[in-house]
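Some notes on the structure that comes next.
The values are calculated or read from the model by the stated rules, or taken from the named source; none is laboratory data. In this text the structure is predicted, and so the values were computed from the model without any measurement. For neighbour counting, all protein chains shown are included, and Cβ atoms are generated from backbone atoms with ideal geometry for every residue, glycine included. Just the protein is used for accessible areas: all its heavy atoms, side chains included, with ligands, DNA and RNA removed. Shrake-Rupley method; radii C 1.70, N 1.55, O 1.52, S 1.80 Å.
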Amino acid sequence: MARVALHGYHQNLVSLTMTMGVPLLFMVVYAFNVRATGGEPSLAVGFAPGVPAAVQQRVEALHLRGLVIAPVQVGAAEALRTNQVRFYFDRDPQSGQTVISSAPFDRPIAQLLERAINSSAVPAADAIELRAQTPPRSASELAFVPAIIVMSMLNLGLFTAGAKLLQDRSSGALRLYRSLPMSLGVVIGAEFVTKLSLAVLQAAFFVGLAYLIYPIDTTLTTALAVIAVATLTSLPFFAAGYAMGAMLPSYSKGIHLFTATNLLMLFLGDIVAPTSSYEATRAVSFLMPTTHAVSLLRDAMLDVKPTYAMLTSIGYLTAFVLLCALVVRRGFSFSAKE
């Protein structure tokens, strides 16, 4: 009996995935997080070109543990959003004050740093006026909003389109379609048009909700453009869903691969964390279509510098869709293989 149970466990992908696969995935991801955030703490600080040299000298004179002076070629908001620095010193063009910018959760440390610098024993002629501030919300706190919208497009493409194809094959619906005078293109095309209509409605809902509950300035033209971009970002996820649905033999054996793919893109595709900013995960993150989708949507919605050049992201997503279309063309089957 025990042998039968073990055999059933091995053959039952639900048990195998939920008891071994998912815990193993979370264990590996958490181990990477522990290793990436462990060790000597780093305090990366950046300086804009117009900041007086005396400011940097005062910061270095504090002898802070883990202090790193990072060369930064972008503005405060982008440097903080991409985790290049934790604190950014710049000059206010109107008042001439030296300003310390930080993420919201680092603001108390920025204020302590401001007081420590101002309390330095220096001649009165060299006194520097500092003012701690938080960078614009659109580039820091709100950067996760486009990622949430892309997450909804990802789930729509994988589970509503791809998994539905598996389910139709297992239930025999595809065999019924085959008996009708319809080609494969008509079957997939009808499904795609339906799902694309859902993508438009879903994009409009989430984009409208984002503009409603988050402090993001916009116009009607911009909002419509963002909805269009969000809808277009669903195309590679539909393509991935249909490609996986075409390759996998049955619903029972394939649904878990959809779940694993979803988790992989969530964790390594700039949705849950900015993995494109970390050296260890940058190469893998580039291969994830979610990374390029989030980059394009952030550029359209928040007007921030994209992670990759627009043409690079568009070119990669186009190549990804074409590759998935080739897989569907060559691997599609009307019959399930349980």
Single residue of the stretch 224-241 satisfying the filter (out of contact with any Gly (no Cβ under 7 Å at 6 or more places or on another chain) and open to solvent by less than 20 Å² (accessible area, probe 1.4 Å)) that is nearest to VAL328 (Cα to Cα): ALA239
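Mind counting the residues in the stretch 278-322 that are of a type in the set (A, V, I, L, M, F, W, C) and surrounded by 14 or more Cβ atoms within 10 Å (Cβ to Cβ)? Full working, then the answer.
Applying the first criterion (of a type in the set (A, V, I, L, M, F, W, C)) to the stretch 278-322 yields 280, 283-284, 286-288, 293-294, 296-297, 300-302, 304, 309-311, 314, 317, 319-322.
Keeping just the survivors that are surrounded by 14 or more Cβ atoms within 10 Å (Cβ to Cβ) gives 284, 286, 288, 293-294, 296-297, 300-302, 304, 314, 317, 320-321.
Qualifying residue count for the region: 15.
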Selection from the stretch 63-98 of residues that are more than 30 Å from the chain's Cα centre (by Cα), open to solvent by less than 50 Å² (accessible area, probe 1.4 Å) and not polar (S, T, N, Q): ASP92, GLY96
